1. Taking neighbour Cβ counts within 10 Å as the exposure measure, how do 76, 250, 45 sort from fewest upward?
2. Over the range 137-204, calculate the relative contact order: mean separation of alpha carbon pairs under 8 Å at least 6 apart, over the residue count, as a percent.
3. Over the residues of the range 136-234, compute the C-alpha Rg and express it relative to 2.2 N^0.38 Å.
4. If neighbour count is taken as other Cβ atoms inside 10 Å, put 62, 207 in order from fewest to most.
5. May I ask you to sort 103, 182, 248 by Cβ crowding, counting other Cβ atoms within 10 Å and putting the fewest first?
């Protein structure tokens, strides 16, 4: 299989894999030295590491759980310290992801298995698969957390409360969400960033009967629609129904909270 690969693609993947392996060997030695040294580096919090690398704390925590990153040093039950070289490790992970490797292949590299078939996968092949996965609507959990900006605790709380659907099996057999899940997750994250607490968000479960009644009412509209054209497909009728419900709700909100339109 490798003999049929374009030389420039093979060279790119080989170069990236070699760089990561070298970095991991160097950093592994530095980690042992740091742990045994009385003048070990103080490290940084997960929030600081997130700020420096541009990925969310939820994604960092997922990388640790998945085994792509080693576990940080615990200083208490609720606090962990990440050595400075974690920033470089995450940079290497990003490079390999950009080259088309998935997290399973990257994990095998981290665990010292450069002969893994995934480690030698063509960027073009992996990119093609990634495009197919995006087209299918499947979003892996680390991508979902990064794109939605949910942290681990909120994500798990929303899943447990039934406010987000549990991930289904994606094209690769790994857990995945879809675009509707992502839209809802972003909405929850936006409310949280505005200071809305989880206890209030959880109360959305109290309105499940209202959601069910609205869904039944929508189903009546769809059953009543007999004129089928390009503009009256079910997805368009759902959008029309949602627009009406938003309009009527906003009118009620004008009375309950008159200043809601003001900055």
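Coordinate-derived values only; no laboratory data. Bear in mind that the values here come from a model prediction, so they are computed numbers and not experimental data. When we count neighbours, we look across all protein chains shown, and the Cβ atoms used for this are built from the backbone with ideal geometry, even at glycine.
1. Working: 76 7, 250 11, 45 15.
In order of increasing Cβ crowding within 10 Å: 76, 250, 45.
2. Details: 65 pairs, mean separation 27.4, N = 68.
Relative contact order of the range 137-204: 40 percent.
3. Details: Rg = 16.4 Å, N = 99, 2.2 N^0.38 = 12.6 Å.
Dividing the Cα radius of gyration by 2.2 N^0.38 Å gives 1.30.
4. On the way: 62 23, 207 11.
Arranged by neighbour count, lowest to highest, 62, 207 become 207, 62.
5. Details: 103 23, 182 18, 248 10.
Listed from fewest to most nearby Cβ atoms, that is 248, 182, 103.
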